[in-house]
Amino acid sequence: MRKRVAVIGGGIAGLAAAVRLRDLTPPDTEIIVYEQSGALGGKLRTGELGGVTVERGAESFLMSGTDGAESAAVGLVRRLGLGDAIKHPAKVPAALAFGGRLAPMPSGTLVGVPGNLAQLGDVAHPDAERDHDAGRPLLAAGEDVAVGALVRDRYGDEVVDRLVDPMLGGVYAGRADGLSLQVTMPQLARTARIEHTLQDAVRAAQRASRREPGKPIFGAVEGGMSRLVGAAAAASGARISLGLPVREIARTADGYRLLLGPVPAPRTDDVDAVVVAVPFSPAARLLSDVAPAAAAALGRLDYASVALVGLALPPGTPLPDLSGFLVPPSEGTLVKAATFFTTKWSLPGDGPVIVRASLGRAGEEERLQFDDAVLLSRAVDELGQLIGDELPPPAASWVQRWGGGLPQYAPGHLDRLAAARAALPPGLALAGAAFDGIGIPVCIASGERAAEDVSKMLEG
């Protein structure tokens, strides 16, 4: 009998799950992707600015995983026939903005955590004597801590405030003192359970994930990430349902029944298995009836809101010879990061100078509660102050808001997730950034694992 599988959520995790299901299940398996919004892709959204293709969401992906092997993003891109379309940013340095100047980003750090304190220069001044060998590993087996707690204890406040916070802020829009080491830096969490000093743990993590010399760190898809979204949807062969929310999941004798659509005009759909690939709050609501123990085990997950500002400056606008910069929270600016897009992606010099700025951090949502014109003006002013030269008025611009877009994983998140997954009934799986971490490769790997779990149940 032909099987039917529902994937709830049309972001990259849900689409990766649909592609993997297509590869693992019989050809006649029906796969349905339900996306509540009017478009697939989630936070992969390609736009246009001044005649240039510019991402309005995630800009690139890691080429390698934490083990040094090819990342899940590269694997999916190749699976979709887009391997030849992978492009890489130029080898241009980045900087940190603090104290009214741009300082070179120190080399040899792991998400801002240094493995060689001598390479920090005057960016930060750690207390090397604090990182002593106490005769035991930094962390006990299975222990998880906040990144900031570990690094402050071993290196002092300045390394966290000037290096780790801006790095984590660029990725998670969060603060090191609230983010789980195990989720945000899994390779360091592993080595910290073996090594006795933080420097040794960082170096061991770097050795474990060391890529081939000259191998690019980041990649993107020529023509935009929306090409990846479209190719995944096509390869999955799934029926795509847009604008139709899934409000409830219930068990049946043979599988699951989905309650769809608006309350005044409900619909149902019966399927054999379900992959839930939506943000935390809707996922918890969907699980509350069909898997209450799993929903309870998940607990709570907070999110940070951010906004991206895209600027098309006049051709020839001078900018520092950098790929961009990060801003520590201590600087007090709304801008937390900037990308000199034209330089980073080696765009022609006769076109507009494209800059992307990221605004907002966890706990600062009220600072984004202004209209687009105010945010745009604030971004232009702050960028000029941060680079030390007033910017000209942009010829074109946009503001992209991602309200509640970035999960803030508190210590113990993975233990709570493991308990929740253990409490799920057969044929129900979780995937996506709400559960396994931020980043295109992580989300793709999460979707693929969920598909593999579901396919095993269908085979059984």
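The values are calculated or read from the model by the stated rules, or taken from the named source; none is laboratory data. Quantities reported herein were computed from a predicted structural model and do not represent experimental measurements. Virtual Cβ from ideal backbone geometry, glycine too; neighbours counted across all protein chains shown. Heads up: the accessible areas ignore ligands, DNA and RNA and are worked out on the full protein's heavy atoms, side chains in. Shrake-Rupley method; radii C 1.70, N 1.55, O 1.52, S 1.80 Å.
Observations
- Shown in residue order for region 265-276 are the 3J(HN,Hα) couplings computed by the Karplus curve 6.51 cos²θ - 1.76 cosθ + 1.60 at θ = phi - 60°: 9, x, 9, 10, 9, 9, 9, 8, 8, 9, 10, 9 Hz (x for Gly and Pro).
- Centre separation in Å (Cα based) which lies between region 27-83 and region 311-370: 23
- Accessible carbon and sulfur surface of region 1-115 relative to its total accessible area, %, 1.4 Å: 52
- His196 - accessible surface, heavy atoms, 1.4 Å probe, Å² rounded to 10: 50
- Cα-based Lys pair tally, the chain, threshold under 25 Å, eight or more apart or on separate chains: 11
- Sequence of Met167, Met185 when ordered by accessible area, the most exposed leading, probe 1.4 angstrom: Met167, Met185
- Of Met1, Met63, the order by accessible heavy-atom surface (1.4 Å probe, DNA, RNA and ligands excluded), from most exposed downward, is Met1, Met63.
- Rolling a 1.4 angstrom probe over region 282-435 with all protein chains present gives an accessible area of which 55% lies on carbon and sulfur atoms.
- Beta bridges by DSSP in the chain, antiparallel share as percent, to the nearest 5: 70
- ³J(HN,Hα) computed for each position of region 92-106 - Karplus, 6.51 cos²θ - 1.76 cosθ + 1.60, integer Hz, glycine/proline x: 10, x, 10, 9, 10, 9, 7, x, x, 9, 9, 9, x, 5, x
- In the context of the full set of protein chains, the chain has a per residue accessible area of 41 Å² (1.4 Å probe).
- The chain - charge dipole about Cα centre, Lys and Arg +1 at Cβ, Asp and Glu -1, debye rounded to 20: 1040
- Surrounding net charge for Leu414, when Lys and Arg each add one and Asp and Glu each subtract one, Cβ distance under 11 Å: -1
- Expected 222 nm ellipticity per residue - DSSP helices of 4 or more, -39500 (n - 2.57), all of the chain, to 500: -9000 deg cm²/dmol
- Local electrostatic count, Leu24, Cβ distance below 10 Å [Lys/Arg +1, Asp/Glu -1]: -1
- Database remark: amide H of Ala304 closer than 5 angstrom to the amide H of Gly405, Leu406, Gln408 (H placed geometrically; neighbours at sequence offset of 5 or more, or on other chains; Pro and chain starts carry no H).
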